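Since the structure comes first, as structure tokens, the remarks are kept for the end.
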Amino acid sequence: MCSSPGGREDGRADELPDRIQISGVVFGAGVLGLSIALPWVRITTGDEVRYLAAVDLSWIAWLLIAGAVSGVLSAVIECIILRRSCQIALAVSLSTIGLMVVLIAVIENVSSWVPRTLLPTTIRRLTLDVGAAGGIWVALVGGAIGASAASGLMSQGMRVLRSLYNSHEPSDRARLAGICAILLGLPGAVAARYQPWIDSAVNGHSASVAGWAIPYVGPGSLALVWCLIAVSCVAVVRQNPFAALLGGVLCWALLSASLVMAVTADSVGPTVLERVPLELRRLGPKFNAGRGPLLASIAAAVLVVGFALLIKSASTREGNDGG
């Protein structure tokens, strides 16, 4: 039986974990551990805003600690000692991603699931909003980093980016620019949901409602963000022009929804009256568009450019292959 140059038999030398895979798993575990100290839940009652960190939700904190420790142990035992891929870290990272996706959806919709008639009168007079804060998204990023590293996608991606950066081919330059635009636009689209989409003010009193808290807009924008993330992964990793085209369509949907919200904020405002403090409701406030639709429009435009560059890169490459 012949041996490969890397010392493994049957040509499996490429399966050996490299430094990027090991360090990526450890870094993802570190990001997951960092999220424990960050705010996870944002609770608004009237004019008071409270934040709950993972340490305030003990079972989540212990799960995160267990996940971070498992990732580090997987990198040490599986990758360094046993010299095989980090299967445990991959399973933990994928489980973390799934848990965070479910938690974000549940947290952002829990206040709308509770009928206000069941709340005490003192609470009913106030706004009651429960939303996801930055910590839960940081944990999601940590899980994504760990999964990409443990699966080998991070190592492959670093090699591809290095070759694209060193290439002088127009198709490679377009692909690199498209990837950078997508990496810039996706966080912007996520952040735009948590910015004020509707502002209200009257007689010196003011209040704002974030995009995630607006009926239909909140769940719809969350589903759109998940679809954009999934389509972006397929378009970038698989170099699939159809996925890039679908991503462009989703971006135009986000851009159109943002522009509609900006124009119709005065009409949509009354539908979110229950999320405005009682003192302001009694004064009959006027509603205006906040900065959320503008930021969402900018993020959508950047993403459209990114997907267009990926499509251009794919078409140019196919033309060169056909020539």
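Scanning for something assigned by TED's automatic domain parsing to the domain that holds THR264, in contact with a Gly (Cβ under 8 Å, 6 or more places away or on another chain), under 19 Å from ALA301 (Cβ atoms) and not in a helix (DSSP H, G or I), does segment 202-223 turn up at least one residue?
There is no residue in segment 202-223 that is assigned by TED's automatic domain parsing to the domain that holds THR264, in contact with a Gly (Cβ under 8 Å, 6 or more places away or on another chain), under 19 Å from ALA301 (Cβ atoms) and not in a helix (DSSP H, G or I).
Sort out which residues of segment 32-62 are among the hydroxyl-bearing types (Ser, Thr, Tyr) and under 18 Å from the mean Cα position of the chain (by Cα), and write them in order of number. Lay out the reasoning, then the answer.
Restricting attention to segment 32-62, the residues satisfying the condition of being among the hydroxyl-bearing types (Ser, Thr, Tyr) are 35, 44-45, 51, 58.
SER35, the sole residue that qualifies.
Give me a count of the residues in segment 192-233 that are surrounded by 16 or more Cβ atoms within 10 Å (Cβ to Cβ), among the aliphatic types (A, V, I, L, M) and either closer than 17 Å to LEU103 by Cα or modelled with pLDDT of 90 or more (or both).
8
Within segment 37-95, track down each residue that is surrounded by 14 or more Cβ atoms within 10 Å (Cβ to Cβ) and among the polar types (S, T, N, Q).
THR44, THR45, SER70, SER74, SER85, SER93, SER95
When you go through LEU245, LEU294, LEU250 one by one, which is the residue that is at pLDDT 75 or above, in the same structural domain as ALA181 (by TED's automatic domain parsing), under 20 Å from ILE179 (Cβ atoms) and surrounded by fewer than 19 Cβ atoms within 10 Å (Cβ to Cβ)?
Values: LEU294 fails: under 20 Å from ILE179 (Cβ atoms); LEU250 fails: surrounded by fewer than 19 Cβ atoms within 10 Å (Cβ to Cβ).
Result: LEU245 is the single residue among LEU245, LEU294, LEU250 that is at pLDDT 75 or above, in the same structural domain as ALA181 (by TED's automatic domain parsing), under 20 Å from ILE179 (Cβ atoms) and surrounded by fewer than 19 Cβ atoms within 10 Å (Cβ to Cβ).
Which ones in segment 71-101 are free of Cβ contacts under 8 Å to residues at least 24 places away in the same chain and either touching a strand residue (DSSP E or B) at 6+ places or on another chain (Cβ under 7 Å) or among the small types (Gly, Ala, Ser) (or both)? Spell out how you get there, then give the answer.
So the first thing to find is which residues in segment 71-101 are free of Cβ contacts under 8 Å to residues at least 24 places away in the same chain, and the list is 73, 76-77, 81-82, 88, 91, 98.
Answer for segment 71-101, where residues must be free of Cβ contacts under 8 Å to residues at least 24 places away in the same chain and either touching a strand residue (DSSP E or B) at 6+ places or on another chain (Cβ under 7 Å) or among the small types (Gly, Ala, Ser) (or both): ALA91, GLY98.
Only residues that are touching a residue at least 24 places away in the same chain (Cβ under 8 Å) and surrounded by fewer than 14 Cβ atoms within 10 Å (Cβ to Cβ): list them for segment 136-168, please. Walk me through how you get there before you give the answer.
Going residue by residue through segment 136-168, those that are touching a residue at least 24 places away in the same chain (Cβ under 8 Å) are 136-155, 157-158.
Hit for segment 136-168 is MET158, nothing else.
Name the residue, out of ALA105, ALA66, that is aliphatic (A, V, I, L, M), over 16 Å from SER151 (Cα atoms), in a helix (DSSP H, G or I) and free of Cβ contacts under 8 Å to residues at least 12 places away in the same chain.
Details: ALA105 fails: free of Cβ contacts under 8 Å to residues at least 12 places away in the same chain.
Step by step, each of ALA105, ALA66 is checked, and only ALA66 is aliphatic (A, V, I, L, M), over 16 Å from SER151 (Cα atoms), in a helix (DSSP H, G or I) and free of Cβ contacts under 8 Å to residues at least 12 places away in the same chain.
The values are calculated or read from the model by the stated rules, or taken from the named source; none is laboratory data. Just so it is clear, the structure is predicted and the values come from calculations on it, not from any experiment. Neighbour counts run over all protein chains shown; Cβ positions are idealised from the backbone, glycine included.
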